[in-house]
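The next block holds one structure in the form of structure tokens; read it before the comments.
The values are calculated or read from the model by the stated rules, or taken from the named source; none is laboratory data. Quick caveat, the model's predicted, so the values are computed rather than measured. Counting neighbours? That spans all protein chains shown, and the Cβs are built from the backbone with ideal geometry, glycine included.
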Amino acid sequence: MAEMGTTITEAQQWAEGLNRLGQRIGGRFARAEPRQRALAYLQGLLSPLERKNGWQLAEAAGDPSPYGVQDLLGRAQWEADAVRNDLCAYVVEHLGDEQAVLIVDETGFVKKDEQSVGVQRQYLGTAGRIENCQIGVFLVYASAKGRTFLERALYLPQAWTQDKLRCQQAGVPDTVGFATKPMLAKQMIARALAAGVPARWVDLTRFG
């Protein structure tokens, strides 16, 4: 049943559009199961669920446990950077505008453990204090046609990049070295422009 204010036809169009997107990125997954889970995961993220953790997303997909979602995000083999490139192309097709703005921001995620990649006690802007957390740098695209996330990069503190064993145990590739948050932002902007993402300027007012 469509939400209030959304017609059945509009809901069907949304569903068809999501299926086309699933077909577009499907080739980035080596097996059918993670391909199907990826589409179910996207459906869950776009759903009106109040919380979108592994359990809730699994229940929305009809799974009895969150193991399938966890497998998709942590163990399944798929080309994350290639999906990122597909996203860039999709955004250009639907929201591309020469007057658009690239917005850089960083967000922290509180963690209680010491194993999550990049976690350490560091300043968390959303809390306004030092917390045990991860820090992500994000690139957002905003145009008159709409706005969306475009890119992401996890900040790895030097305490991580200098500890090769810890990185290996967490699945961090050996090729990943230390990069400051401004460096990560510069790399993302460069990738977006090289991919033909049209924009007039970059907004850094929310960054740092």
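Does residue 41 qualify as being of a type in the set (Ser, Thr, Tyr), closer than 30 Å to residue 196 by Cα, not in a loop (DSSP other than H, G, I, E, B) and not assigned by TED's automatic domain parsing to the domain that holds residue 171? Yes.
Is the range 100-118 home to any residue that is aromatic (Phe, Trp, Tyr), over 30 Å from residue 130 (Cα atoms) and in the same structural domain as residue 152 (by TED's automatic domain parsing)?
Residues of the range 100-118 aromatic (Phe, Trp, Tyr): 109.
Filter once more, so that each one left must be over 30 Å from residue 130 (Cα atoms): none.
No: the range 100-118 contains no residue that is aromatic (Phe, Trp, Tyr), over 30 Å from residue 130 (Cα atoms) and in the same structural domain as residue 152 (by TED's automatic domain parsing).
Residues that are in contact with a helix residue (DSSP H, G or I) (Cβ under 7 Å, 6 or more places away or on another chain) and modelled with pLDDT under 90: does the range 32-48 have at least one?
yes
Checking the range 183-195 against the condition returns no match, with no residue being more than 21 Å from the chain's Cα centre (by Cα), among the β-branched types (Val, Ile, Thr) and over 14 Å from residue 117 (Cβ atoms).
For residues that are within 23 Å of residue 83 (Cβ to Cβ), free of Cβ contacts under 8 Å to residues at least 60 places away in the same chain and either among the polar types (S, T, N, Q) or not in a helix (DSSP H, G or I) (or both), tally how many sit in the range 178-203. Number satisfying all stated conditions: 2.
Among residues of the range 125-137 that are assigned by TED's automatic domain parsing to the domain that holds residue 157, those with a Cβ under 7 angstrom from a residue that is hydroxyl-bearing (Ser, Thr, Tyr) and surrounded by 14 or more Cβ atoms within 10 Å (Cβ to Cβ), sequence gap 6+ or separate chain, pair up as 126/107; 134/116; 135/155; 136/107; 136/155; 137/155.
Filtered by the rule that a residue be hydroxyl-bearing (Ser, Thr, Tyr), modelled with pLDDT under 95, in a strand (DSSP E or B) and under 21 Å from residue 80 (Cα atoms), the range 100-147 gives a lone residue, 107.
Got at least one residue in the range 100-116 being touching a helix residue (DSSP H, G or I) at 6+ places or on another chain (Cβ under 6 Å) and loosely packed, with under 14 Cβ neighbours inside 10 Å? Within the range 100-116, none of the residues are touching a helix residue (DSSP H, G or I) at 6+ places or on another chain (Cβ under 6 Å) and loosely packed, with under 14 Cβ neighbours inside 10 Å.
For the range 7-30, the set of residues classified as surrounded by 11 or more Cβ atoms within 10 Å (Cβ to Cβ) and part of a loop (DSSP other than H, G, I, E, B) consists of 27, 28, 30, listed by residue number.
In the range 159-173, the condition of being out of contact with any helix residue (DSSP H, G or I) (no Cβ under 9 Å at 6 or more places or on another chain), of a type in the set (Gly, Ala, Ser) and either free of Cβ contacts under 8 Å to residues at least 60 places away in the same chain or farther than 15 Å from residue 88 by Cα (or both) is met by no residue.
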